[in-house]
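A.B. asks: Sharing a structure here in structure tokens format.
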Amino acid sequence: MDRCVVLVDAGYLLGAAASLLAGEPSRSRITVDHAALIQALRERAESDTQQPLLRIYWFDGAPDRVPQPEHRRLRVMSRVTVRLGALTRSDGRWAQKGVDAAMHAELTELARNRACSDVVLVTGDGDLLPGLMSAKEHGVAVHLWAVQAADGDYNQSEDLVAEADERRVLDRAWITQAVRAKDLGGVCAPPPVPRPEIAAILSAPLPDSALAAAAERSAEAAAQGGHPLLERSRELGGGSAEHQSAERHTPAKGVPTPKDLAALRAPGAGSAAPHPPNATLRWSSDKGWVDRPGTPSEPAEVASLPTLAQVTTAEQRWADREEDITTVGGDPYEVGQVFARRWLARLPDPAGRQKLSVLYPRIPHRIDGELLRYAARFGLLAHKDDQIDEHDRYAIRAGFWREIDVRTGAEAGASAE
């Protein structure tokens, strides 16, 4: 069959590109325009082989073989098939498992079935040598492509190079059509600093009512020799006697735990409307909902807020999945923004966002659980042994609150005009 097929070892292609452009083989150091990269591969393959393209096979590793955002975008592109192996962590480094075997099997099967006349291999692994030789025996011309090495030497198996029928080098000019280093200077960028929004959530003050209650309880506790929240603060932060004395007159700040909120809003804490003793506070976590008897529940008007699923039609659900696949990158902060934007746009009662804002930095447990489940679609949680990474949690929720603030501020400005 007079057609060409391209088999891409993504770990080799993108790792070598990162070494060339950013100085080290970490794919986190580069930004990839996958649509442009696939188009460039197709054009180059058809030009080199003088045959029309049948298909591009993209082989890559993923934690637990769960497609990552880039894989989800790739597999819906025309003439692209994604094959995933496992991605495991050993000695502090990620390693692909099963990718070479999958490439070998695909190469052998294509040649045996005479599905193509030319095969382009973008890889450097010598484990593919038996598959390459088998393809040649079935009359398939094998083209081996290499990424320009950062040190000017080979970054492919010498045996693989020797057995290939044709060899090409994808140089820096070709690579930079679709790949660039994340820092403009081409030198490895320093680790990213925490987003201001995340830092703001970590240090966010409690609502005024809670601060007033905390101040009153702090004053009472000071006379009695201490306060459980301040004692906890001293245990964590230590400090001099003068510093500890000042703490007794400073309202507690920071993101409260369920226990802290329960202590601040319990009967006798100075709140205007004490909650009944049998109220329940439900707090979301990766282990499910935790019911804590004797603690306050969410206000009825907040608990009644609909989830995103409840206000989404079948047509919107389809459009959402298309957007997730094609445009949402999967960054935790971005995921939180996208979720909040959709939820706010479909909320039947605009006053609902005002009800929500008084709970900052908490998110109602039903909405919060749905938000984290949505984030799991992007592989943010699947590779952490079912434990949700704390930084990811803060980033997801920071994106959510940022979108709430932007939308609320825009509406306030429009109404003022």
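Each value in this text was obtained by applying a stated rule to the coordinates, not by laboratory testing. Just so it is clear, the model here is predicted, and its values are computed rather than measured. Cβ sites come from the backbone with ideal geometry, for glycine too, and all protein chains shown count toward neighbours.
A.B. asks: Along Cα→Cβ, 7 Å out, is where each label goes; now give me the distance between the ones at ARG167 and THR31 in nm to one decimal.
C.D. replies: 3.5
A.B. asks: Here is a further query. Nearest 5 percent is fine: what portion of the DSSP beta bridges confined to the stretch 1-104 is antiparallel?
C.D. replies: Around 30 percent antiparallel, to the nearest 5.
A.B. asks: Would you kindly compute the Cα radius of gyration of the stretch 55-128 and its largest Cα-Cα separation (Dmax), both in Å?
C.D. replies: Here Rg and the maximum Cα pair distance are 13.4, 42 Å.
A.B. asks: Output wanted: per-residue J couplings in Hz (rounded whole) for the stretch 314-329, from phi through Karplus 6.51 cos²θ - 1.76 cosθ + 1.60, θ = phi - 60°, x for Gly and Pro.
C.D. replies: Along the stretch 314-329, the couplings run 4, 5, 5, 4, 5, 5, 4, 5, 5, 5, 4, 6, 9, 10, 7, x Hz.
A.B. asks: Calculate log10 I(q)/I(0) of the stretch 4-181 for q = 0.08, 0.13 Å⁻¹, where I(q) comes from the Debye formula with a single equal point scatterer on each Cα and nothing for solvent.
C.D. replies: Those come out to -0.22, -0.61, one per q.
A.B. asks: Testing the spin-label approximation: label points 7 Å from Cα along Cα→Cβ at GLU390 and ARG407. State their distance in nm.
C.D. replies: Placing both labels 7 Å beyond Cα along the Cβ direction yields 3.0 nm.
A.B. asks: P(r) for the stretch 92-182: what percent of alpha-carbon pairs falls in each 5 Å bin, starting at zero?
C.D. replies: Binned Cα distances yield the sequence 3, 13, 22, 21, 18, 14, 7, 2, 0.
A.B. asks: Sort the following peptides by mean Cβ neighbour count (other Cβ atoms within 10 Å, averaged over residues), highest first: 308-314, 116-122.
C.D. replies: Those peptides, ordered most packed to least, come out 116-122, 308-314.
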